[in-house]
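Undergrad: Here you go, one structure.
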Amino acid sequence: MITIKSEREIELMRDAGSLVARTLDLLEMEIKPGMSTRELDTMAEQFIRDNNALPSFLNYAPKGDPGVTPYPATLCVSINEEVVHGVPSKKRIVREGDIVSVDCGVYKGGYHGDAARTFILGSVDGSVRQLVEVTEECLERGIAMAVEGNRLHDISAAIEDYARSFGFSVIENMVGHGIGSELHEDPAVPNYGRRHTGVNLREGMTLAIEPMIALGRSRRAVSRRGAWVAVTEDGKPSAHFEHTIVVRPGKAEVLTRSLLHEGKA
Ligand code: MF3
Ligand code: CO
């Protein structure tokens with residue numbers, strides 16, 4: 001069931017979303033080659049708790065999937081061929097030349113915010129840089145379609161078309177989602193699909209839109225049994241950007257917009 005949020009609920013989600021943005025801003029300023037992904041996680045958890053909120057992902061257990069252990073951290077930090085759900089570890093060091101996707105969720109005032117960015121550490125191949133830039137633009141093009149009167153898959157198609165125009169592949173088995181008092185609500189928001197199909201978008205729907213785009217041919221992110229991290233099938237790099245948005249008439253409202261990048265978007 002898709003819920004429409006009241007302006008009062010959206011006000012609370014704005015607060016949660018703003019804390020997600022400020023947490024990612026902090027990590028963007030602090031991330032450096034040689035750091036462990038655990039250090040990033042500790043920094044994020046501390047900042048979130050200092051702001052009277054809880055990490056949404058910590059102890060998260062997917063409904064109806066008893067095979068996987070509850071998620072053990074605040075962030076997902078996914079490096080290069082890791083698509084999503086990289087579990088922070090003190091043994092996992094980020095290095096010059098890596099692309100590092102950081103996904104963060106915050107629960108505050110009874111509502112969740114969820115966002116992700118891919119950081120480029122030092123110099124990378126032109127194709128990898130382009131992958132990251134195109135994935136961020138895929139997210140912006142998806143958001144641009146998230147307006148009242150459009151259909152859900154107008155978002156999906158905008159993401160898919162832009163990614164494919166560069167020859168990149170869309171990870172199809174991981175999707176965005178509705179978000180609110182639960183981290184994952186209806187509807188699923190795929191990153192591929194046909195324009196003019198899917199549910200009608202209405203003002204007050206809150207969505208986490210999250211393109212995951214890969215450099216090679218891989219259209220799936222795969223995990224070893226029992227493991228959280230999901231990687232591309234061919235080992236090629238993958239990028240991930242995510243925002244929590246509210247469907248509005250004319251232009252979506254983005255709840256997790258960075259203050260660092262203000263004026264850019
Ligand atoms: N942004 C991701 C998602 O919406 C992060 C979930 S990680 C988990 O699915 F640990 F909470 F599963
Ligand atoms: Co999400």
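Undergrad: Kindly write out, for the stretch 179-186 in residue order, the coupling ³J(HN,Hα) from the Karplus curve 6.51 cos²θ - 1.76 cosθ + 1.60 (θ = phi - 60°), rounded to whole Hz, with x marking Gly and Pro.
TA: 8, x, 6, 10, 5, 10, 10, 5
Undergrad: To the nearest 20 Debye, how big is the dipole of the stretch 152-237 about its Cα centre, given +1 on the beta carbon of each Lys and Arg and -1 on that of each Asp and Glu?
TA: Approximately 420 debye in magnitude.
Undergrad: Let me ask something else. Take the alpha carbon gyration tensor of the stretch 171-237, find the square roots of its eigenvalues, order them as a ≥ b ≥ c, and report rounded if a/c is under 1.5; if not, report prolate when a/b exceeds b/c, else oblate.
TA: Judged from the Cα gyration tensor, the stretch 171-237 comes out oblate (a/c at least 1.5, b/c at or above a/b).
Undergrad: Shape verdict for the stretch 82-188, please, from the Cα gyration tensor: rounded (a/c under 1.5), prolate (a/b greater than b/c) or oblate.
TA: Oblate is the answer for the stretch 82-188, as a/c is 1.5 or above yet b/c matches or exceeds a/b.
Undergrad: Another one. With the contact rule set at Cα under 8 Å and sequence spacing of 6 or more, what percent relative contact order holds for the stretch 7-254?
TA: 21
Undergrad: Name the GluC sites (Glu not before Pro) in the stretch 84-165 that are in a loop by DSSP and that have at most 12 other C-beta atoms within 10 Å, would you?
TA: Glu96
Undergrad: Now for a different question. Treat the count of other C-beta atoms within 10 Å as a stand-in for reagent exposure and order Val77, Val124, Val170 from fewest to most.
TA: Details: Val77 29, Val124 18, Val170 23.
The order, fewest Cβ neighbours first, is Val124, Val170, Val77.
Undergrad: Okay, moving on. Using θ = phi - 60° and the Karplus relation 6.51 cos²θ - 1.76 cosθ + 1.60, list the HN-Hα couplings for the stretch 3-11 in order, rounded to whole Hz, with x at every Gly or Pro.
TA: 9, 9, 8, 6, 4, 5, 5, 5, 4
Undergrad: Also, I was wondering about something else. How many angstrom separate the Cα center of the stretch 1-23 from the Cα center of the stretch 203-245?
TA: What the calculation gives is 23 Å, centre to centre.
Undergrad: Rounded to the nearest 20 debye, what is the charge dipole size of the chain about its Cα centre when +1 sits on each Lys and Arg Cβ and -1 on each Asp and Glu Cβ? The partial results should precede the final answer.
TA: Details: 31 positive and 38 negative charges, 86 e Å.
It works out to roughly 420 debye.
Undergrad: Can you give the local net charge around Gly109? Use residues other than it whose beta-carbon is closer than 12 angstrom to its beta-carbon, Lys and Arg +1, Asp and Glu -1.
TA: Around Gly109, the charge tally is 0.
Undergrad: Can you tell me the Rg and the Dmax, both Å, for the Cα atoms in the chain?
TA: 17.0, 48
Undergrad: Pop the C-beta distance of Asn200 and Asn52 into the FRET formula with R0 = 41 Å and round what comes out to the nearest 0.05.
TA: 0.65
Undergrad: Could I ask something else about it? In the chain, which longest range has no trypsin sites (Lys or Arg not before Pro) that are both DSSP loop (not H, G, I, E or B) and surrounded by at most 15 other Cβ atoms within 10 Å?
TA: Longest site-free region, per DSSP loop and neighbour criteria: 96-193.
Undergrad: For Met212, Met205, what ranking results if the residue with the fewest other Cβ atoms within 10 Å of its Cβ goes first?
TA: On the way: Met212 31, Met205 26.
With the sparsest Cβ surroundings first, the list reads Met205, Met212.
Undergrad: Here's a follow-up. Please list 3J(HN,Hα) in residue order for the stretch 53-61, calculated via the Karplus relation 6.51 cos²θ - 1.76 cosθ + 1.60 where θ = phi - 60°; whole Hz, with x for glycine and proline.
TA: 9, 10, x, 5, 7, 4, 6, 5, 10
Undergrad: A further question follows. How do Ser127, Ser169 line up, fewest other C-beta atoms within 10 Å first?
TA: Working: Ser127 13, Ser169 23.
Ordered from fewest to most neighbouring Cβ atoms within 10 Å, Ser127, Ser169 come out as Ser127, Ser169.
Laboratory data are not the source of any read-out in this text; all were calculated from the coordinates shown. Please read these numbers as outputs of a predicted model, since none were measured by experiment. In this analysis, Cβ positions are derived from the backbone assuming ideal geometry, glycine residues included, and neighbour counts consider all displayed protein chains.
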